[in-house]
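Okay, structure first, notes after.
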Amino acid sequence: MRQFIGITRERVFSPGKVEDDAAILTLVAERLGEMGEPVSVCDGDDDRWPEPAQDTVVFTMCQGARALQYLQQWAARGVRIINRPEGILNCQRHRTIAALAQTDVPFPESVVVETNADAMWPAWVAAGEVWVKRGDVHATDADDVVKVDGVAAVRAALHRFHARGIARAVVQRHAAGTVLKFYAVRGRFFSCTSTRANAAISPDVLRRVDVLGQRAARVLNVEVYGGDCVASVNGALTLIDLNDWPSYALCRTAAAGEIAAYVRAPKAATET
């Protein structure tokens with residue numbers, strides 16, 4: 001009989017969002033249980049997890065190296081995992097930038113640098129506001145994503161990263177406009193919210209954000225995902241981040257049922 005195993009995100013990768021991240025995965029497990037499926041939930045910080053049978057479906061929010069090693073071993077045995085370990089890895093910033101650079105997905109100008117090196121900076125770094133972001137996982141600390149102005153401030157941020165043992169960072173040109181946060185499940189669900197209070201989003205913009213997210217998610221090979229894009233004053237959209245399995249805090253109840261249905265569906269039905 002097919003089993004389902006959910007694995008929560010490691011706490012270090014949920015700064016300020018431990019409860020929100022755990023809540024969406026737990027709710028997905030509850031929805032699967034309501035559908036009559038045998039399901040269990042494991043803590044992402046546990047040293048070991050039960051070995052899944054080949055017909056087990058694993059749904060996971062893990063991001064750490066140890067967890068990914070387990071997931072890769074299971075995937076090699078034919079265990080279905082959502083999101084796939086390669087997709088989780090692709091959402092690390094340095095991999096995202098390399099992957100999207102081969103496409104026409106609109107993305108800010110970005111450079112990946114070693115935090116202990118004095119890079120040759122493009123002109124836009126000196127010309128205006130930029131973002132300095134750790135180059136691997138999305139965040140473990142409030143200082144992992146900072147907005148700065150000018151080369152000296154970039155160097156200072158990189159020095160702080162290096163002092164914390166972060167070897168690689170992304171320096172990214174600021175994209176001006178309104179930030180739109182979106183959440184999705186491949187082929188099933190989409191929700192989008194403006195960070196401007198009480199700002200309405202037109203149906204055309206919603207459609208274009210959905211399409212943009214789908215394109216990026218296909219490139220990165222993630223199925224349960226969310227992200228941020230910027231709508232400029234002239235209506236252009238720029239993707240600035242794509243995350244593997246976010247907290248869905250703004251649409252958790254609706255998203256959980258759709259994620260559960262996606263996880264439960266036959267693999268072939270989710271590969272369209």
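Can you tell me which residue is nearest to Ala167 (Cα to Cα) among those in the range 69-85 that are buried (at least 18 other Cβ atoms within 10 Å of the Cβ) and either β-branched (Val, Ile, Thr) or touching a helix residue (DSSP H, G or I) at 6+ places or on another chain (Cβ under 7 Å) (or both)?
Per the stated criteria, the residue is Pro85.
Residue check: Ala157 meets all listed conditions (1) touching a residue at least 24 places away in the same chain (Cβ under 8 Å); (2) assigned by TED's automatic domain parsing to the domain that holds Arg9 but one, namely (2).
Of all residues in the range 197-220, those that are within 13 Å of Val179 (Cα to Cα) have Cβ atoms under 6 Å from Cβ atoms of residues that are of a type in the set (Phe, Trp, Tyr), 6 or more apart or on another chain, in Val209/Phe182.
Note on the range 97-154: residues that are of a type in the set (Lys, Arg) and either within 18 Å of the chain's Cα centre (by Cα) or over 22 Å from Leu242 (Cβ atoms) (or both) amount to 2. Of Gly227, Gly235, all but one fail to be outside the structural domain of Glu129 (by TED's automatic domain parsing), closer than 30 Å to Ala126 by Cβ, touching a residue at least 24 places away in the same chain (Cβ under 8 Å) and surrounded by fewer than 17 Cβ atoms within 10 Å (Cβ to Cβ); the exception is Gly235. Per the listing Val18, Val41, Val28, the residue uniquely touching a helix residue (DSSP H, G or I) at 6+ places or on another chain (Cβ under 6 Å) and free of Cβ contacts under 8 Å to residues at least 12 places away in the same chain is Val18. Residues in the range 40-51 include at least one that is at pLDDT 95 or above, of a type in the set (A, V, I, L, M) and in contact with a Gly (Cβ under 7 Å, 6 or more places away or on another chain). Against the test of being buried (at least 17 other Cβ atoms within 10 Å of the Cβ), in contact with an Asp or Glu (Cβ under 9 Å, 6 or more places away or on another chain), of a type outside the set (Lys, Arg) and within 30 Å of Thr8 (Cβ to Cβ), the options Ile88, Ile97 yield a single qualifying residue, Ile88. Output the residues belonging to the range 248-264 that are at pLDDT below 95 and of a type in the set (Gly, Ala, Ser). If the condition is that a residue be at pLDDT below 95 and of a type in the set (Gly, Ala, Ser), then Ala249 is the only one that fits. Within the range 10-61, restricting attention to residues that are within 22 Å of Ala254 (Cβ to Cβ) and among the acidic types (Asp, Glu), the residue that is surrounded by the most Cβ atoms within 10 Å (Cβ to Cβ) is Asp21. Right, Val105: touching a Ser or Thr at 6+ places or on another chain (Cβ under 7 Å), closer than 24 Å to Tyr262 by Cβ, touching a residue at least 24 places away in the same chain (Cβ under 8 Å) and not charged (D, E, K, R) or not? So Val105 does not fit the description; no. Here Asp143 passes the criteria (1) modelled with pLDDT under 95; (2) surrounded by 15 or more Cβ atoms within 10 Å (Cβ to Cβ) except the one numbered (2). For the range 42-59, state whether one or more residues are among the polar types (S, T, N, Q) and outside any loop (DSSP other than H, G, I, E, B). No: zero hits.
The values are calculated or read from the model by the stated rules, or taken from the named source; none is laboratory data. Predicted model, so just to flag it, every value in this text is computed and none were measured. Because the Cβ atoms are built from the backbone with ideal geometry, glycine has one as well, and the counts that use them run over all protein chains shown.
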